[in-house]
1. Would segment 73-202 count as rounded, prolate or oblate if I go by the C-alpha gyration tensor, calling it rounded below 1.5 in a/c and otherwise prolate when a/b exceeds b/c, oblate otherwise?
2. So, with a 1.4 angstrom probe, what is the percent of accessible area on the chain that is carbon and sulfur?
3. Once phi is turned into θ = phi - 60°, what whole-Hz ³J(HN,Hα) does the Karplus curve with 6.51, -1.76 and 1.60 give for every residue of segment 90-104, x standing for Gly and Pro?
4. Please label the shape of segment 96-172 as rounded, prolate or oblate, based on the square roots a ≥ b ≥ c of the eigenvalues of the alpha-carbon gyration tensor (a/c under 1.5 means rounded; beyond that, a/b larger than b/c means prolate, else oblate).
5. Loop-only check: which trypsin sites (Lys or Arg not before Pro) in segment 356-420 are DSSP coil with at most 14 other Cβ within 10 angstrom?
6. If you average the alpha carbon positions of segment 97-154 and of segment 243-261, how far apart do those two centres end up, in angstrom?
7. Per DSSP H run of n ≥ 4, the term is -39500 (n - 2.57); total these for the chain, divide by its residue number, and report the mean residue ellipticity at 222 nm rounded to 500 deg cm²/dmol.
8. So what's segment 261-417 giving for Rg/Rh, alpha carbon basis, Kirkwood Rh from the mean inverse pair distance?
Amino acid sequence: MATAVLGLQWGDEGKGKITHLLAGSASMVVRWNGGPNAGHTVIDRGVKFGTHLLPAGVFYEGVTSVIAGGVVVDLAVLREEHDAVARHLGRAPRLLLAENAHLIMPYHRILEDAEGSGARFGTTRRGIAPAYRDKAAHVGVRVGDLLEPRRLRDKVAWRLDLLRREWPSSAELRALDPDDLVASQIALGRPWFESIVEASSVVGRALAAGEEVMFEGAQGALLDVDFGTYPYVTSSSTLFGGIATSLAVDVGRIGRRLGVTKAYQTRVGEGPFPTELNDPTGAGLRDRGGEFGTTTGRPRRCGWLDLVALRYAIRLNGANELALTKVDVLDGLAKIKVCRAYRLDGKVTEEFPLSGERLATAEPVYEELAGWPTWRRVASWDELAGAARNYVQFIEEATGVPVTILSYGPSPEDTLHRAL
Ligand code: IMP
């Protein structure tokens with residue numbers, strides 16, 4: 001069955017571990033959104049990788065990895081990551097690139113810094129928003145343009161000329177030369193020239209043939225450009241529906257929609273976060289959970305699990321299974337709080353407000369559950385007992401979705417699977 005792995009929070013849910021676990025049994029693994037703003041932590045045969053663009057399929061021989069049209073690709077990042085993984089594996093990862101994926105050009109990063117959106121929104125400063133903006137304004141450069149140097153030169157020179165007029169005092173933009181830009185993009189992209197494909201038909205055929213295709217989400221539902229906590233969001237569609245626009249395949253064939261959530265809540269960058277803990281408990285979660293950004297190294301904001309947000313994210317994605325990660329980070333807490341509703345405008349509500357500004361005024365209504373001393377490794381689901389079992393059951397009952405993967409440590413062994 002085809003599977004989509006979907007982040008249900010503000011990213012960093014542990015999707016890297018989950019996709020790495022599942023990719024080995026897939027025939028194809030597809031990244032459909034975002035770009036090098038993502039940071040998936042993967043432990044492959046004892047070696048830790050922070051991957052940004054490469055799908056988890058690259059770690060397995062015989063699995064084809066695809067970067068779809070909805071992704072924005074920084075070729076310098078891709079090349080670096082590709083070379084590191086190739087050295088580790090002793091072979092080149094098998095990777096296909098969609099010809100309609102857009103390129104993040106060096107001027108996109110310059111623009112993001114010039115605009116100051118890093119400071120205002122806490123972005124990852126990888127040029128994500130400027131690249132998606134150029135795509136929507138049809139002034140972007142696509143992977144397929146690499147194969148047509150004259151077309152590429154024309155697009156880059158025109159875009160650069162417009163940008164210089166918009167930012168006349170930018171020495172960095174003035175220093176860029178269109179011929180150098182084109183030459184460096186072509187040199188970086190050359191190893192994949194044979195692997196540039198019309199991804200919609202490649203992935204569509206695999207789905208139609210009933211192959212095990214896994215769709216690897218980046219970021220999370222609450223960062224979605226349309227349904228996240230706007231304007232504190234990323235620029236792509238992070239939801240299940242994003243697969244349809246990124247690839248235009250029959251998403252009805254994707255039966256397993258595995259939503260990934262941590263056992264608590266984190267957020268990196270600016271934006272509302274009702275259950276945030278600015279106290280020693282929050283700091284404890286950050287230390288025990290190693291909550292520092294994979295892409296930027298920034299400390300993540302930490303807080304209690306927010307069930308209002310989780311139910312909203314499940315609904316947006318139609319998630320039918322849950323992977324609950326990092327439950328061991330809650331070890332040793334006498335009491336664990338879970339937010340079951342918000343107090344908004346003096347009323348208690350279980351509805352998640354679409355406006356980020358309104359969410360900023362929400363106060364969490366908590367329920368307190370018993371904690372556990374240490375998470376003990378158990379061989380089967382049935383052995384799960386006491387407060388730990390209660391916590392998992394509480395989440396299942398509150399969301400109406402079964403937890404089928406329980407992760408209680410970074411390595412693949414620290415995982416409990418449950419068949420439905
Ligand atoms: P951008 O995607 O770099 O434009 O950043 C927009 C917002 O999304 C910022 O708050 C980032 O911290 C956040 N963000 C983007 N990608 C990720 C991710 O993979 N994990 C967590 N937060 C992310």
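1. Numbers: a/c = 1.84, a/b = 1.48, b/c = 1.25.
In terms of gyration-tensor shape, prolate.
2. Values: 8500 of 17110 Å².
Carbon-and-sulfur percentage of accessible area, whole number: 50.
3. x, 7, 7, x, 8, 9, 10, 10, 5, 5, 9, 6, 8, 9, 8
4. On the way: a/c = 2.51, a/b = 1.37, b/c = 1.84.
Oblate, because a/c is 1.5 or more while a/b does not exceed b/c.
5. Values: sites: ARG358, ARG376, ARG377, ARG389, ARG418; in loops: ARG376, ARG377, ARG418.
Those satisfying the criteria are ARG376, ARG377.
6. 25
7. On the way: 14 runs with 139 residues, N = 420.
Computed ellipticity for the chain at 222 nm equals -9500 deg cm²/dmol.
8. Details: Rg = 15.5 Å, Rh = 16.3 Å.
Checking Rg against Rh, the ratio lands at 0.95.
The values are calculated or read from the model by the stated rules, or taken from the named source; none is laboratory data. Quantities reported herein were computed from a predicted structural model and do not represent experimental measurements. All Cβ positions, even for glycine, are placed from backbone atoms using ideal geometry, and neighbour counts span all protein chains on display. These accessible areas exclude ligands, DNA and RNA; they are computed on the full protein's heavy atoms, side chains included. Shrake-Rupley method; radii C 1.70, N 1.55, O 1.52, S 1.80 Å.
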